[in-house]
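Asks: To start, I am sharing the structure in question, which I have written as structure tokens.
The values are calculated or read from the model by the stated rules, or taken from the named source; none is laboratory data. Being a predicted model, the structure only gives us computed values, none of them experimental. Heads up, the Cβs are rebuilt from the backbone with ideal geometry, glycines too, and the neighbour counts pull from every protein chain shown.
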Ligand code: KG4
Ligand code: ZN
């Protein structure tokens, strides 16, 4: 089955054709990130306007690349679109474009939850490798969730952040450190990697690490970083290293505890923060020690794209009537859309 996926939840506009949820035929991504860097944070109105500007060219380019690979519109079995969570102004552009195409081409339309999509990025190029039950750690700019997957679309929420998401805390701390005004996670991680000796080791809290729950809280960590900087003016590399280690310590401890508690043999990670090399390495090592198969998408598939939207639609094929398909900015991970 070949699915055309469309993603427009935030500042990326993306389209991709994926076969059987695992094989990428073509993929196109445009971003309005540069505009939000200038304003020091995302301006939803600008993001929405850029979606309007980019959507048709991105879909056109995707269809063109599909044709170059020998495909045509008749070969597309369904259209999948992100319906939430995200910015409402951005979401509606992709949803309405997908509806128009589905009507014009007479194709079924499959609504996809963006967060569920991030998890399904793991299935690309790995047919039959991923065995259920599995635990998934979803770490993005807006969400941090631990989920038990019993099968495709059969999920149980185990825990999640009570305040800031992991990515949000990276971004806010990067801003405090003067590294970037917008999406500073990668830059913070690079600074951390440049730290040769962390004299601040253990100075930041590891929030809720031993509380026995699968919930997280990262907002206090950012405040602790602020206090540390104001009082001691430590080297940026060391603060970055100590901050990153603290977040990774908590994410790894809770995820591994979930793996043990539910006795699963498969661990998946997804979302923008899954691109973090420190987190990938630590979770991978701990999973290996437990004899658990660990899957994380390649870095290019961790950040937003339409490949995983088409992949998720293949496995959770919940075709709905057109009038039931609406953009919903506040979907949670348990809302299958
Ligand atoms: O999943 P995503 O692309 O967008 C959302 O759906 O939210 O995630 C973006 C988040 C941002 O907070 C960004 O700073 C963070 O992922 N991020 C990273 C890294 N790469 C992206 N955080 C830490 N280390 C990274 N290497
Ligand atoms: Zn995302």
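Asks: Given the options 174, 166, 193, name the one that is more than 24 Å from residue 119 (Cα to Cα) and either surrounded by 17 or more Cβ atoms within 10 Å (Cβ to Cβ) or at pLDDT below 95 (or both).
Replies: Values: 166 fails: more than 24 Å from residue 119 (Cα to Cα); 193 fails: either surrounded by 17 or more Cβ atoms within 10 Å (Cβ to Cβ) or at pLDDT below 95 (or both).
Just a single option satisfies the conditions, and that option is 174.
Asks: With 290, 336 as the choices, which residue is away from ligand 1 (no atom under 16 Å from the Cβ) and more than 18 Å from the chain's Cα centre (by Cα)? So that I can check it myself, show each step before the final result.
Replies: On the way: 336 fails: more than 18 Å from the chain's Cα centre (by Cα).
The match here is 290.
Asks: Do we have any residue at all in the range 109-120 that's outside any loop (DSSP other than H, G, I, E, B), outside the structural domain of residue 143 (by TED's automatic domain parsing) and over 30 Å from residue 154 (Cα atoms)?
Replies: No.
Asks: While we're looking at this one, here's another question. Within the range 83-125, track down each residue that is over 13 Å from the mean Cα position of the chain (by Cα) and within 14 Å of residue 304 (Cβ to Cβ).
Replies: Here is the first cut: in the range 83-125, the residues over 13 Å from the mean Cα position of the chain (by Cα) are 83, 87-112, 123-125.
87, 90, 91, 94, 112, listed by residue number.
Asks: Please verify whether the range 71-81 includes one or more residues that are under 24 Å from the mean Cα position of the chain (by Cα), surrounded by fewer than 21 Cβ atoms within 10 Å (Cβ to Cβ), within 11 Å of residue 4 (Cβ to Cβ) and not assigned by TED's automatic domain parsing to the domain that holds residue 172.
Replies: Residues of the range 71-81 under 24 Å from the mean Cα position of the chain (by Cα): 78-81.
Those still in the list that are surrounded by fewer than 21 Cβ atoms within 10 Å (Cβ to Cβ) too: 78.
Narrowing further to those that are within 11 Å of residue 4 (Cβ to Cβ): 78.
Pick out the ones that are also not assigned by TED's automatic domain parsing to the domain that holds residue 172 and you get 78.
Yes - at least one qualifying residue is present in the range 71-81.
Asks: I've got another one for you. Out of all the residues in the range 47-56, is one or more out of contact with any helix residue (DSSP H, G or I) (no Cβ under 9 Å at 6 or more places or on another chain) and free of Cβ contacts under 8 Å to residues at least 40 places away in the same chain?
Replies: Yes: one or more hits.
Asks: Answer yes or no as to whether residue 255 is in a helix (DSSP H, G or I), out of contact with any helix residue (DSSP H, G or I) (no Cβ under 7 Å at 6 or more places or on another chain) and either farther than 22 Å from residue 204 by Cα or away from ligand 2 (no atom under 16 Å from the Cβ) (or both).
Replies: On the way: in a helix (DSSP H, G or I): yes; out of contact with any helix residue (DSSP H, G or I) (no Cβ under 7 Å at 6 or more places or on another chain): no; either farther than 22 Å from residue 204 by Cα or away from ligand 2 (no atom under 16 Å from the Cβ) (or both): yes.
Here the answer is no, as residue 255 does not meet what is asked.
Asks: When you go through 186, 139 one by one, which is the residue that is under 19 Å from residue 246 (Cα atoms), at pLDDT 95 or above, surrounded by fewer than 21 Cβ atoms within 10 Å (Cβ to Cβ) and within 16 Å of ligand 2 (Cβ to nearest atom)?
Replies: Values: 139 fails: surrounded by fewer than 21 Cβ atoms within 10 Å (Cβ to Cβ).
That would be 186, the only listed residue that is under 19 Å from residue 246 (Cα atoms), at pLDDT 95 or above, surrounded by fewer than 21 Cβ atoms within 10 Å (Cβ to Cβ) and within 16 Å of ligand 2 (Cβ to nearest atom).
Asks: Just give me the residues in the range 146-155 being part of a strand (DSSP E or B) and either within 12 Å of ligand 2 (Cβ to nearest atom) or farther than 21 Å from residue 250 by Cβ (or both), in sequence order.
Replies: 149, 150, 151, 154, 155
Conditions (1) buried (at least 20 other Cβ atoms within 10 Å of the Cβ); (2) in contact (Cβ under 8 Å) with a residue 12 or more places away in the chain, marked per residue:
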| site | (1), (2) |
| --- | --- |
| 219 | no, yes |
| 227 | no, no |
| 232 | no, no |
| 254 | yes, yes |
| 259 | yes, yes |
| 262 | no, yes |
